[in-house]
1. In the chain, what % of DSSP beta bridges are antiparallel (nearest 5)?
2. Helix-only estimate, please: 222 nm mean residue ellipticity of the chain, summing -39500 (n - 2.57) across DSSP H runs of length 4 or more and dividing by its residues, to the nearest 500.
3. For Cα extents along the principal axes in Å, the listed values are (1) 67, 40, 30; (2) 85, 41, 36; (3) 49, 43, 33; which was obtained by calculation from the structure presented?
4. So what is the relative contact order of the range 1-157, in percent, for Cα pairs below 8 Å that sit 6 or more residues apart?
5. Is the shape of the range 3-150 best called rounded, prolate or oblate, per the rule: a/c under 1.5 gives rounded, else a/b larger than b/c gives prolate, else oblate, with a ≥ b ≥ c the square roots of the Cα gyration tensor eigenvalues?
6. If you build a Gaussian network model of the chain, linking Cα atoms that sit under 10 Å apart, which residue out of N66, N33, N126 swings the most?
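The numbers here are math on the coordinates, done by the rules we state, and not lab data. None of the values given here were measured: they were computed from a predicted structure.
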Amino acid sequence: MKALITGASSGIGRDMAKYLGKQGFDLILVARNKERLEEVKSEIKTNVEIIIMDLSSEENCINLYNQAGDIDILINNAGFGVFGLFTETNIDKEIEMIKTNIVEVHILTKLFLKDMVKKNKGYILNVSSIAGFLPGPLMSTYYSTKSYVLRLTQSLQEELRRQKLNVKLSVLCPGPTATQFLERANVTFKTKSASSEYVAKYAIDKMLLGKRIIVPTFKIKCAKFLCKIIPDTILVKFIYYIQKRRKNRLKILKKLT
């Protein structure tokens, strides 16, 4: 069996690749950093093909689909965040984020899902976030992209269920995870982050069992539950307070380094 993983050069994507390799899967690993992909490949004993590609380009997404051929698992993991006031963040960076976090996921899901429906088998795991359940002041564009991924996946799950197809679609909604995402988003967390190894293994195991919404760690499960019962008018104020504390903490850390 073969799995394709985007954003596979670091963090959750890297650890998903290692875990699937241990399970005997051949892999297609996609990212922009060739050196890091080579490092991941060297640690996996099954057949691994690496593709160096920027998936913020619609054309590249279609090229990736054509290059990959027949696969059994698609993991849409590539993505990043931008922190700051909406009126102050860089619009070019945000457009790149929207293309990576939304357009890439949309294109690859559509193309590979059509093939899986024809075969009546396959797995797709889209990586969203606990942010997908929340309003996100100070990371408004990022939270919105993750909401799109969550709702798209849930909608497709219902379509597949009604067609009684044996294609499994899952969405991963982790909380803070110890990856390079935090560095790229220019944000830090006071609470302890989950390890990417744990999140990757948990996600793969649940995906293969057909779990629809995958939420690692008890703390994040509780946060998801609270999202359902607390009004948005309160949630948005709470999230702003949390994000503001992160920004202030980041300023302090920069002064100390």
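1. Given both bridge residues lie in the chain, the antiparallel proportion sits at roughly 0 percent.
2. Values: 10 runs with 135 residues, N = 257.
Mean residue ellipticity at 222 nm (helix-derived): -17000 deg cm²/dmol.
3. (3)
4. Contact order relative to length: 22 percent.
5. Prolate.
6. With Cα springs under 10 Å in the chain, the top fluctuation among N66, N33, N126 is at N66.
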